[in-house]
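Read through the structure below, which is laid out as C-alpha cells, and then see the notes.
Each reported figure results from applying straightforward, stated rules to the coordinates on display, with no laboratory input. Quick caveat, the model's predicted, so the values are computed rather than measured. Because the Cβ atoms are built from the backbone with ideal geometry, glycine has one as well, and the counts that use them run over all protein chains shown.
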Amino acid sequence: MNQPPRQTVSYLTRRFREVGLEPDHRLGQNFLIDINLLELLARAAAIDEHDVVLEVGTGTGSLTGIMATKAAEVVTVELDGHLHQLARETLEGRRNITFLKADILKNKNRLNPEVMQTIREKLAAAPGRRFKLAANLPYNVATPIISNLLAGEPVPHSMTVTIQKELAERIVAAPSTKDYGSLSVWIQSQCRPEIVRILNNKVFWPRPKVESAIIRIEFDPEKRARIPDLPYFHTFVRSLFFHRRKFLRSVLIAAFKDRLTKSEVDEVMSRFSLGADARAEQLTIEQILPLCEAFRERTAEKEASD
C-alpha cells in the first residue's frame, strides 16, 4: 500500500517538473506544505471509523492519505486531471478512497449531484456513518461549497477546512462589526463555527497574497430546527444584506416591493420595535429568525387573500 510522501516544496516542485505542470491559479491551487498543519486539520476534523469524508481539492493526495488512515471512506474531488491522476498513482491500493475527477459545483448555487450521490451511497453502506467535509479548499470556491452544503442534504456533521482568513472572519463575525453579513447569519443560524488556527502564507506553495485560517464549523440540528423554511430564510438573509449600509426599512421595502406595501412592511417592523434608523448589520440572529418568519407569514396571508 503506497504511503503519501511529505508534501514539501522540494517534492511538489520536483513532481510538477516531472509532469510538465505549474500550479493553476485559476483553480485556486495553493498547496499546504507544513505536515504538522495537515495533521492539525485532520485532528480538528475528529475523523474516525464512522466518518465518510468529502475532500475538495485532492492535490497530490497528502491530506487524503492522512484522513484515509482514520475514516471509513474518503471521497476526494479534483478538477485538475493531472493532479487527479498523480494522487491516484500515489495512493494506489487504498481501498477506502474514491477519486473523482469533477467540479464540486454544478453552478454557484448547487453542488455537483454526482458527487453528492456518491456521498449518499457511502453513508448508506453501513449503519451509523456520518458525513464530514475536511479539506484545504481552493480559495475560489470556498464560499459556495460551505454555503451550499448547508442548503441541501445530507448536511455535514462538521466542516473543517482551510480558507482565506478574511472569509473565516466573516463566518464567525458578530453583529455590528464590519465582517458581519449574510454568510455570518446563514452559518451561525445552523452551526457553531470556530477558527482553529491562523496560517501565515509561508506555509503554502505557491505563497498566496493573503493569510489563511483553519476553521471548524459544527452543525447543530437544534439550531436548524428553528428555521421552518430553509430556502426562504436563505433568500431573506441574502436580501437583508444585499445593501448592507442602507436602512433596514428601505431594504425590506425593496425586497418585498411586489408582495407587500410600505405600510405592511412598517407594520411588521413595528412588531419588533425596529425604528427608521435600524440596519441589518445591527440585528442578532435571534432577531433575524422571528423577523424572517413574520414576513414569511405576512406574505403568505396576503397571497391567500388575493
With each pseudo-label sitting 7 Å past Cα toward Cβ, what's the residue 103-residue 48 distance in nm, one decimal? 3.8
Protection proxy ranking, peptides 173-186, 293-306, average beta carbon neighbours within 10 Å, highest first: 173-186, 293-306
Overall dimensions of the chain by Cα: Rg and Dmax, Å: 21.6, 70
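Kindly put 263, 62 in sequence by how many other C-beta atoms sit within 10 Å of each C-beta, fewest to most.
Values: 263 7, 62 24.
Ascending Cβ contact count within 10 Å gives the list 263, 62.
Most exposed first by the Cβ proxy, i.e. fewest other Cβ within 10 Å, how do 169, 153, 49, 73 rank? Mind showing how you got there, number by number?
Details: 169 18, 153 8, 49 12, 73 24.
If I rank by nearby Cβ atoms, fewest first, I get 153, 49, 169, 73.
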antiparallel share of DSSP beta bridges within the chain, to nearest 5, in %, is 50
Pairwise centroid distance, computed over Cα atoms, of the range 153-197 with the range 78-147, Å: 21
Note down the nm distance, to one decimal, between modelled labels 7 Å out along Cα→Cβ at residue 35 and at residue 202. 2.0
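Provide the FRET efficiency to the nearest 0.05 for the residue 296-residue 120 pair, computing r from the beta carbons and using R0 = 45 Å.
Numbers: r = 29 Å, r/R0 = 0.66.
Once rounded, the FRET efficiency stands at 0.95.
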Residues 162, 76, 60 in order from fewest to most other beta-carbon atoms within 10 Å are 60, 76, 162
Residues whose built amide H sits under 5 Å from the amide H of residue 131, excluding neighbours closer than 5 in sequence, are 52, 157
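Any chance you could tell me what percent of the C-alpha pair distances in the range 246-289 go past 14 Å?
Counting every Cα pair in the range 246-289, those more than 14 Å apart make up 45 percent.
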Would you mind getting me the FRET efficiency between residue 166 and residue 304? Use the beta-carbon distance for r and R0 = 45 Å, nearest 0.05. 0.55
Residue 179 paired with residue 209, simple spin-label distance in nm, labels 7 Å along Cα-to-beta-carbon: 2.0
